[in-house]
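> Before anything else, here's the structure in question.
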Amino acid sequence: MPATPNGWVPERRFAAVENVPQWWDANPRLGVAYDLFGNGRTAIKAAVGRFVDKTSVTITQAINPITASINTVNRAWNDANGNLIPDCDLANRAANGECGAMANQNFGGTRVTTNYADDMIKGWGARGYNWDVTTELQHQLTNEVSVSAGYYRNWYGNRTVTDNTLVGPGDFDTFCVTAPSDRRLPGGGGYEVCGLADIKPAKFGQVNSVVTQASNFGDQRFVNDFFNVTLSTRFGSGIVFGAGIDTGRTVNDQCFDVDSPGAVASAQVPTALVTAQVGAGVFVTPTPHTATTINGQRTCRTVTPFGGQTQVKGFGSYPLPGDFVVSAVFQNIAGPPVTAEFSVPTAQVAQSLGRNLAGGVRTVVVPLVQPGTMFADRMTRLDLRVGKRLRLTDRVILQGNLNVFNVFNGAAVHVLNTTYGSNWQVPSRTQDGRMVQFSATLTY
């Protein structure tokens with residue numbers, strides 16, 4: 001298949017690729033229910049099942065040699081004269097003028113530099129999967145009230161990593177960065193962020209990526225443990241009430257090296273890069289580094305605690321005289337996680353690294369907050385409705401509603417600014433304010 005030439009590259013031709021992926025899987029699923037006392041009021045339920053990732057089309061598209069070849073490339077740009085124009089020959093792959101060398105010398109060629117290992121795209125049980133285990137206890141307290149409790153666990157397997165086969169952990173130099181002193185940071189800041197890795201200059205731009213099973217390098221674990229308790233009522237007078245609490249803990253453990261020390265992924269690409277794109281122009285794109293330790297804690301094992309995933313919810317409706325009905329929905333949900341991305345100039349990095357960042361890169365983004373340790377304030381919300389039913393005919397009913405959303409007029413944060421600086425943690429999206437709405441429903 002030919003690819004149209006342009007100002008960056010000549011015409012390219014790619015051979016057909018077949019049988020990707022080629023997977024076989026066995027996915028058992030089993031469920032049981034047992035009447036504990038034989039009176040139909042208490043039941044124990046359990047289920048276990050294996051499920052596979054729905055990635056066959058995604059993998060096929062990724063293996064397409066046109067998209068798998070190098071169609072974009074990064075290069076450093078130092079705008080020395082401040083004219084906002086890269087004063088260099090962008091077609092020259094080596095460092096020249098204001099531009100550093102291209103980060104990948106395979107740009108615009110026919111060589112596919114992201115390959116997929118057979119252990120990932122072929123064979124029995126090679127596809128990504130997850131196991132789900134569910135156990136529930138349901139009990140009818142009275143004819144109108146029931147309660148249920150459950151434990152839910154799932155875990156994932158056949159996770160993948162991208163290995164740059166041209167480099168290894170020994171081809172990177174590590175360095176530390178001192179976090180700024182800031183009362184908003186854990187402990188007031190001033191701690192060390194260490195284990196950051198930068199590729200050695202001699203290896204800069206050498207890339208041959210292979211997507212393979214993470215188990216070739218270490219044990220990658222992603223496990224969820226969740227609990228739920230729910231109360232449900234339905235009274236003959238039309239009163240309905242329900243409430244529940246969900247809470248859980250997530251462990252994401254990726255503590256093994258693939259290419260660079262202390263990082264699972266091999267993409268150690270700093271910031272302030274000029275990116276050339278096949279058939280397009282030039283733009284700047286940032287990509288963060290990965291740290292090994294923040295204030296002595298390893299970042300490769302992230303634990304999202306129960307407090308960060310606890311939800312309390314309730315609902316109810318109550319009929320009033322004159323065909324009026326009042327209803328409410330209550331929610332109390334954990335706030336979003338707080339992260340801090342700190343842009344560090346190469347001059348500061350050089351104090352620990354002993355040299356500037358490879359490829360003429362000017363800055364690197366460093367995380368300052370251990371994942372899963374800081375969260376914004378919880379969101380509490382109450383929505384109310386008062387409705388009036390009007391029976392127009394035997395078959396047609398009109399209901400008018402007065403809705404009051406966010407009764408408490410809360411301003412909980414949904415999205416925070418994650419870039420460390422004066423605007424760090426400034427909300428970019430918050431909960432909608434109190435709103436009054438009139439609506440109607442016609443049923444026939």
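Only the coordinates and a few stated rules stand behind these numbers; no lab work does. Since the model is a prediction, treat every value here as computed from it, not as a measurement. When we count neighbours, we look across all protein chains shown, and the Cβ atoms used for this are built from the backbone with ideal geometry, even at glycine.
> Find which of Phe235, Val258, Ser343 sits farthest along the positive direction of the dipole of the chain, computed with +1 on the beta-carbon of Lys and Arg, -1 on that of Asp and Glu, about the Cα centre.
Value: Phe235.
> Also: Can you give the calculated 222 nm mean residue ellipticity of the chain, where each DSSP H run of n ≥ 4 adds -39,500 (n - 2.57) and the sum is split over every residue, rounded to the nearest 500 deg cm²/dmol? Mind dumping the intermediate values first?
Working: 4 runs with 24 residues, N = 444.
When only DSSP H runs of four or more count, the value is -1000 deg cm²/dmol.
> Taking the simple approach of a point 7 Å from Cα along Cα-to-Cβ for both Val251 and Thr310, what is their distance in nm?
2.1 nm
> Right, another one. Quick one: 3J(HN,Hα) in Hz for region 207-223, Karplus 6.51/-1.76/1.60 with θ = phi - 60°, rounded, Gly and Pro as x.
So the J values, rounded to whole Hz, are 9, 8, 8, 10, 8, 9, 5, 4, 5, 5, 10, x, 9, 9, 10, 9, 10.
> About its Cα centre, what dipole magnitude does the chain give when the only charges are +1 on Lys and Arg Cβ and -1 on Asp and Glu Cβ, stated in debye to the nearest 20? Working shown, then result.
Working: 35 positive and 32 negative charges, 230 e Å.
Roughly 1100 debye for the chain.
> Grab the Cα-Cα distance for Arg355 and Leu442, subtract it from 0.36 nm times how many residues apart they are, and report the gain in nm with one decimal. Mind dumping the intermediate values first?
Values: separation 87, 0.36 × 87 = 31.32 nm, distance 7.24 nm.
My answer for the length gained is 24.1 nm.
> With N set to the residue count of region 315-444, report its C-alpha Rg divided by 2.2 N^0.38 Å to two decimal places. Provide the component values of the computation, followed by the final result.
Values: Rg = 25.6 Å, N = 130, 2.2 N^0.38 = 14.0 Å.
Region 315-444 yields a ratio of 1.83.
> Between Leu166 and Arg389, how many nm apart are label points set 7 Å from Cα along the C-beta direction?
Computed distance between label sites Leu166 and Arg389 equals 7.2 nm.
> Work out the length of the dipole vector of region 373-444 about its Cα centre, built from +1 on the beta-carbon of each Lys and Arg and -1 on the beta-carbon of each Asp and Glu, and round it to the nearest 20 debye.
320 debye
> Also, quick follow-up: Lysine pairs in the chain 8 or more apart or on different chains: how many have alpha carbons under 30 angstrom apart?
Numbers: Lys45/Lys54; Lys45/Lys313; Lys54/Lys122; Lys313/Lys388.
So the count of such lysine pairs works out to 4.
> Quick one: which residues, 5+ away or cross-chain, put their amide H under 5 Å from the amide H of Arg298? H built at 1.01 Å from N.
Excluding prolines and chain starts, which carry no amide H, there are no hits.
> If you don't mind, there's one more thing I want to ask. Averaging over all projection directions, find the projected area of the Cα convex hull of region 128-186 and quote it in nm² with one decimal place. Walk me through the numbers before you get to the answer.
Working: hull surface 42.5 nm².
For the Cα atoms of region 128-186, the hull's average projected area reads 10.6 nm².
> Follow-up question, since we're still on this one. Whose amide H sits under 5 Å from the amide H of His414, counting only residues 5 or more places off or on another chain, with H placed in the peptide plane?
It is Arg429, Thr430, Gln431, by chain and number.
> Give me the one-decimal Kirkwood hydrodynamic radius in Å for the chain, with the sum taken over alpha-carbon pairs. Each step should come with its number before you reach the end.
Numbers: mean 1/r = 0.0373 Å⁻¹.
Evaluated over the chain, this radius sits at 26.8 Å.
> Using a Förster distance of 35 angstrom, determine the FRET efficiency expected from the C-beta separation of Val32 and Val303, and round it to 0.05. Provide the component values of the computation, followed by the final result.
Details: r = 32 Å, r/R0 = 0.91.
It comes to 0.65.
> Next question. If the only charges are +1 at each Lys and Arg Cβ and -1 at each Asp and Glu Cβ, what is the size of the charge dipole of region 25-182 around the Cα centre, to the nearest 20 debye?
Numbers: 12 positive and 16 negative charges, 157 e Å.
Value, rounded to 20: 760 debye.
> Another question, if that's okay. Scan around Gln105 for amide H atoms under 5 Å from its own, H built in the peptide plane at 1.01 Å from N, and keep only partners 5 or more places away or cross-chain.
Sorted by chain and number, the residues that satisfy this are Val207.
> Can you give me the distance in nm between label points at Val20 and Ala47, each placed 7 Å from the Cα along the Cα-to-Cβ direction?
For Val20 paired with Ala47, the spin-label model returns 3.6 nm.
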